[in-house]
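The values are calculated or read from the model by the stated rules, or taken from the named source; none is laboratory data. Worth saying up front: this structure is predicted, and the values here are computed from it rather than measured. Neighbour counts run over all protein chains shown; Cβ positions are idealised from the backbone, glycine included.
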Amino acid sequence: MATHQPTTTMPAPQAPPATGAATAVAHPNIALIKYWGKRDEELVLPRTDSLSMTLGIFPTTTTVTLTPAAGHDTVTLNGHPAQGEALRRVTTFLDLIRRQAGRGEHAAVDTVNTVPTGAGLASSASGFAALATAGAAAYGLDPDQRALSRLARRGSGSASRSIFGGFALWHAGTGTPAQADLGSYAEPVPAAAGLEPALVIAVVNAGAKAVSSRAAMRRTLDTSPLYEAWAASSAGDLTQIRAALLAGDLKTVGEIAERNALGMHATMLAARPAVRYLSPATVTVLDRVLRLRQDGISAHATMDAGPNVKVLCHAADAEQVADAVREAVGPGAVHIARPGPGAHLLTAGT
Ligand code: PMV
């Protein structure tokens, strides 16, 4: 692999000089139309389009520093050296950046992640969005946001959406795998100015999940007789939720998000053997959300690869929804998130 040689003659024609170090911040996102299932595992190409809201809480901050003298990459996660699968995923991702940049130096990655890791709160989304943003800058790439979203996708599918703030749509991509690779990126989707959404996050269990989303998706695709029906209905959900976002109709947005999530979990429950992320505490929170609706408050739930529940409601109702949900989760934590910003560089320099 070519190494970068400083030159006093002509500047390099395409690649700007590597800065050597960069720090980026990114936030998690919660899908309202879910990504569940890959058509290509290597390229991380999803079977369906998905749509999410980026949160204004739980940032991940990542610094990538090139270490030309080192024989391997080092990764520090919340002050501790990463090992095993976590280290391998970051190193594989850095290899991808190095190939794109035509460079060979190893790097030190230092990540501070404020998301409860592995709890179905998409810590991989903010993690790989921050790593893609900082890594690309440190290695001297200058990607536009679409290229950055495609890059982040390779680390974790949902990370493609955390490149953008607010609501983001991740296109599955079409055609051959090579064509779909080019067409599979996220982009911002418009919403009415008066929408004022909030997600109330009920953490019923902050522990790591028993089955990774990667393994669970594969099993669902391979064995669930319900998968194709959900994938087909998800396309309709996407069209309808975009219209509801534009119209500022948060109740309809919530109804569509809730049915899409329950449908995704139904595909998993029908897998062989079943993948069941929802716990008794999850169902208790779902009952509470139903009661809020009966009391006239627009509140709708969505769940990911874990037992935690995210409740979509108007920002003005968020405290009341949080109080109701807090009663149901007991000792578990409840957080209120408004829409947050896309991934961005904090510093880049030598
Ligand atoms: O990006 P991954 O591999 O962590 O998958 C995320 C899948 C869900 O969170 C369940 C749904 C989604 O669209 O974020």
Considering only strands (runs of 3 or more DSSP E) wholly within region 60-133, the ones with at least 2 residues that are of a type in the set (Gly, Ala, Ser) are 106-113
Going by the conditions given, is residue 211 modelled with pLDDT under 95 and either within 18 Å of residue 29 (Cα to Cα) or more than 13 Å from the ligand (Cβ to nearest atom) (or both)?
no
Has region 243-255 got any residue that is within 29 Å of residue 128 (Cα to Cα), of a type in the set (A, V, I, L, M, F, W, C) and either touching a strand residue (DSSP E or B) at 6+ places or on another chain (Cβ under 9 Å) or buried (at least 19 other Cβ atoms within 10 Å of the Cβ) (or both)?
yes
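Quickly run through region 162-200 and pick out the residues that are in a helix (DSSP H, G or I) and within 11 Å of the ligand (Cβ to nearest atom).
162
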Leading residue by the ranking (nearest to the ligand (Cβ to nearest atom)) among those in region 19-42 that are under 15 Å from residue 123 (Cβ atoms) and either surrounded by fewer than 24 Cβ atoms within 10 Å (Cβ to Cβ) or among the aliphatic types (A, V, I, L, M) (or both)
31
Do any residues in region 42-66 that are closer than 12 Å to residue 337 by Cβ have Cβ atoms under 7 Å from those of residues that are surrounded by fewer than 19 Cβ atoms within 10 Å (Cβ to Cβ), where the two are at least six apart or on different chains, and which pairs are they?
56/338; 57/335; 58/114; 59/114
When the residues of region 121-161 are filtered to those that are of a type in the set (Ser, Thr, Tyr) and within 16 Å of the ligand (Cβ to nearest atom), which remaining residue is surrounded by the fewest Cβ atoms within 10 Å (Cβ to Cβ)?
123
